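Accompanying notes for the structure given below.
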Amino acid sequence: MAQKLNELALGYAGAVVGAATMLLLGVGSQVGVYTNAAQEMMKWHMFFSLSPFGILTGMIEAAVISFMFLYAFGWLYNKFV
């Protein structure tokens, strides 16, 4: 019998990973690492830019989007178990 996922914990974990990824990408691009990835991220995300405020808003955006998708995934997974 398959175990059920804790969808809230999965959503929180995704939010933390999403925000940390945006932080590392923003800071890394400031020192010359991952500059192409940061440029692409600015195209894909509305609020992400290379300013400190843009990095913060990108982190919030990534956290919210990651939470929503992973929570929905966990919820849907539990419905099929």
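Considering each residue of the stretch 26-47, count those that are touching a Leu at 6+ places or on another chain (Cβ under 7 Å), assigned to a helix (DSSP H, G or I) and of a type in the set (Ser, Thr, Tyr), and give that number.
Residues meeting the conditions: 1.
Pairs needed: first member in the stretch 37-61, without any contact (Cβ under 8 Å) to a residue 24 or more places away in the chain and under 11 Å from Val27 (Cα atoms); second member anywhere, hydroxyl-bearing (Ser, Thr, Tyr) and assigned to a helix (DSSP H, G or I); C-beta distance under 7 Å; at least 6 residues apart or different chains.
Matching pairs, first to second residue: Ala38/Ser29.
Here is a yes/no grid of residues against (1) in contact with a Leu (Cβ under 6 Å, 6 or more places away or on another chain); (2) buried (at least 19 other Cβ atoms within 10 Å of the Cβ):
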residue	(1), (2)
Gly14	yes, yes
Gly18	no, yes
Leu24	no, no
Ser49	no, no
Thr57	no, no
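Look through the stretch 25-36, keep the residues that are within 18 Å of Phe53 (Cβ to Cβ) and among the polar types (S, T, N, Q), and return whichever of them is nearest to the chain's Cα centre (by Cα).
Ser29
Taking the stretch 1-30 on its own, how many of its residues are under 21 Å from Phe69 (Cα atoms) and not hydrophobic (A, V, I, L, M, F, W, C)?
Total meeting the criteria: 9.
With respect to Phe53, determine if the residue is part of a helix (DSSP H, G or I), out of contact with any Gly (no Cβ under 7 Å at 6 or more places or on another chain) and among the aromatic types (Phe, Trp, Tyr).
So Phe53 fits the description; yes.
If I filter the stretch 37-52 for residues that are at positive phi and either more than 11 Å from the chain's Cα centre (by Cα) or at pLDDT 90 or above (or both), do I get at least one hit?
No.
The values are calculated or read from the model by the stated rules, or taken from the named source; none is laboratory data. Owing to the predicted nature of the structure, the values given are computational and were not obtained by experimental measurement. All Cβ positions, even for glycine, are placed from backbone atoms using ideal geometry, and neighbour counts span all protein chains on display.
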